[in-house]
Amino acid sequence: MNQEIKDLINKELKDNDVCLFMKGTPDAPQCGFSMTVSNILKILEIKFKGINVLESAELRQGIKEFSEWPTIPQLYIKNEFIGGCDIIKEMYESGELKKKLQESSINFKN
């Protein structure tokens, strides 16, 4: 991955406590897996930044190299890679995701 993409990823992670690298946007996801993770965050009423990897082939490949994770979406909380769709669904259903967000001092809307 080139330095420009690495810098972009690091800046997004630094500037946003909760980052979702996804296909599409939170308001218009372009794949079911991205929609699922985005919806979970919306249900939990978490403020998050959705980053559309479809806007750049370099970014789409770069985030996979950055995390050493082969699929999109990818959720980060406070600069820490949490996982993809299956992991996030499992964590949500078990209550582990909400606990992780609370431990990371992420503010819920209510």
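The values are calculated or read from the model by the stated rules, or taken from the named source; none is laboratory data. Treat the numbers as computed from the prediction; the structure is a model and nothing was measured. Quick reminder, even Gly has a Cβ in these numbers, built from the backbone with ideal geometry, and neighbours come from all protein chains shown.
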For this session: Evaluate segment 68-77: report whether one residue or more is of a type in the set (Asp, Glu) and either in contact with a Pro (Cβ under 8 Å, 6 or more places away or on another chain) or more than 27 Å from residue 5 (Cα to Cα) (or both).
Result: no
For this session: May I ask you to verify whether residue 89 is touching a residue at least 40 places away in the same chain (Cβ under 8 Å), basic (Lys, Arg) and closer than 16 Å to residue 39 by Cβ?
Result: yes
Problem set entry | Residues of segment 52-95 satisfying the condition of being touching a Gly at 6+ places or on another chain (Cβ under 8 Å) and closer than 15 Å to residue 19 by Cβ | 52, 69, 72, 73, 74, 75
For this session: Name the single residue, out of those in segment 35-67 being outside any helix (DSSP H, G or I) and closer than 15 Å to residue 5 by Cβ, that is modelled with the lowest pLDDT.
Result: 56
